[in-house]
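The structure under discussion appears below in the form of structure tokens.
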Amino acid sequence: MTNAGLNVQNPAASDEAALVLSEVRGQVGFITLNRPKALNALSLPMIRALTQCLLAWRGDARVKAVAIRGNSKTGPFGAFCAGGDIRFFHQAALAGDPELEDFFTEEYRLNHLIHTYPKPSMAFMDGIVMGGGMGIGQGTKIRIVTERTKMAMPETNIGLFPDVGGGYFLSRCPGHTGEWLALTGETLGAAAALTLGLADVCFDATQLSSAWEALAQLDFDRDTAIDSWTAMYSIADAAYSMGARGQIDQYFGLDSVVAMVQALEAADDEWSQRTAATLRQRSPVMLQVTLEQIRRARSLSLADDLRMERDMVHHCFAPRHLGRSANQSETVEGIRALAVDKDNTPHWNPVRIEDVTPAMVAPFFTSPWTPQAHPLRELR
């Protein structure tokens with residue numbers, strides 16, 4: 001791919017730049033995440049390259065729309081983005097690397113930029129779309145899924161919370177499905193994503209290359225150009241019946257995680273038992289933090305939600321209010337168990353959901369910065 005006049009995007013410029021490929025064809029700026037061996041997990045250089053590209057195109061009259069996809073090991077599509085680079089989080093936290101703070105500040109700025117971008121944008125959310133990939137995809141105007149889409153916000157699995165604006169977009173899912181998705185990290189296919197308002201249209205995966213190429217031929221000065229393109233490639237996905245929807249609202253609308261888990265455990269059906277077992281595996285502290293996040297976010301603007309999440313993620317890696325160092329944080333421990341030692345036996349503290357106190361949760365929502373000094377103070 002050729003670049004769009006940005007050296008950081010030039011694949012020949014550096015190995016890091018090659019992780020984000022960009023070009024302008026027709027009236028469209030095309031972006032490809034190109035770290036397939038890591039399922040396009042976002043690194044700080046990738047976040048910076050994406051931001052620089054989008055800012056340059058924002059003021060470029062030639063570019064009328066932006067499209068984003070991911071490369072997989074077999075070529076274009078098949079993997080959108082698996083999230084942030086959690087191994088980097090682990091190493092940086094243990095080393096006291098200040099780039100960890102930069103990562104989240106710049107990633108959340110990028111999320112805000114995509115959500116508020118003044119030009120039409122579309123994300124080809126094929127394959128894995130999790131965490132940071134959701135932060136990119138959910139902000140676009142046209143969120144495309146396929147029969148291969150596997151969508152989730154699984155952060156509680158590593159002792160984190162659904163960040164990158166997750167509080168904002170999950171809290172706006174129907175009923176209490178946002179709490180369910182945030183706490184369990186449940187993976188959704190295309191039909192479920194459409195039903196819950198986390199996708200706009202479904203394309204056949206075999207037609208993605210054709211759809212991508214066709215964008216370069218569109219005349220965006222025609223009001224109907226995008227609608228016609230979408231109609232040409234969209235397919236009717238199999239109807240999705242949320243058989244457990246009533247149970248989700250019943251249990252995940254309760255006041256506390258303790259009440260949810262105990263009610264699920266008291267039920268005698270397979271779905272409730274399985275869901276309770278999933279929650280028992282997660283960090284008790286971070287489950288409570290996540291529930292509070294989703295419920296606060298329902299009444300917040302995107303900018304205020306991102307500021308809140310920036311406060312929260314700081315406390316995740318600097319849990320001084322719990323009397324712990326970075327290497328004792330729930331998040332560092334969760335990443336260790338899942339991705340570093342891979343023993344899948346995180347040692348949460350406390351171990352039981354019933355032992356979490358309000359004093360452990362409340363400080364996550366206290367900003368370590370004054371409003372004037374907040375790293376995301378400029379977001380509107």
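At-a-glance table
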quantity	calculated
Antiparallel bridge percentage (DSSP; both residues within the chain; nearest 5)	35 percent
Whichever lysines have a C-alpha closer than 22 Å to that of residue 37, once near sequence neighbours (fewer than 8 apart) are set aside	73, 150, 342
The range 29-117: trypsin sites (Lys or Arg not before Pro) in DSSP coil with no more than 14 other Cβ atoms inside 10 Å	62, 73
Length-normalised contact order of the range 220-315 in % [C-alpha pairs under 8 Å, at least 6 apart]	16 percent
Order of 314, 112, 321 under a 10 Å beta carbon neighbour criterion, fewest first	321, 314, 112
Partners for residue 64 among aspartates and glutamates (Cα-Cα distance below 17 Å; same-chain residues under 8 apart left out)	23, 213, 219, 221, 223, 227
Modelled label reach - residue 327, point 7 Å along Cα→Cβ, the range 339-364 residues with backbone N closer than 16 Å	340-341, 347
Tensor-based shape of the range 7-233 (alpha-carbon gyration tensor, a/c under 1.5 rounded, otherwise prolate or oblate)	oblate
Which of 377, 148 has the fewest Cβ neighbours within 10 Å, and the rest in rising order	377, 148
Semi-axis lengths (Å, descending) of the ellipsoid that matches the C-alpha gyration tensor of the chain	34, 25, 18
Rounded to the nearest 20 debye, dipole of the chain from Cβ charges on Lys, Arg, Asp, Glu	560 debye
Potential extension, residue 355-residue 97 segment - 0.36 nm per residue separation minus Cα distance	89.7 nm
Percent of beta bridges antiparallel (DSSP, the range 7-233, rounded to nearest 5)	30 percent
Gain upon complete extension [residue 141, residue 372; 0.36 nm per residue less C-alpha separation]	80.0 nm
Cα-based shape type of the range 246-365, given that a ≥ b ≥ c are square roots of the gyration tensor eigenvalues and the cut on a/c is 1.5	oblate
Amide proton proximity set for residue 201, modelled H, under 5 Å, gap of 5+	143, 145
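Every number here is computed from the coordinates shown, using simple stated rules; none is lab data. No experiment lies behind these values; they were computed from the predicted model shown. Cβ atoms come from the backbone with ideal geometry, glycine included; neighbour counts cover every protein chain shown.
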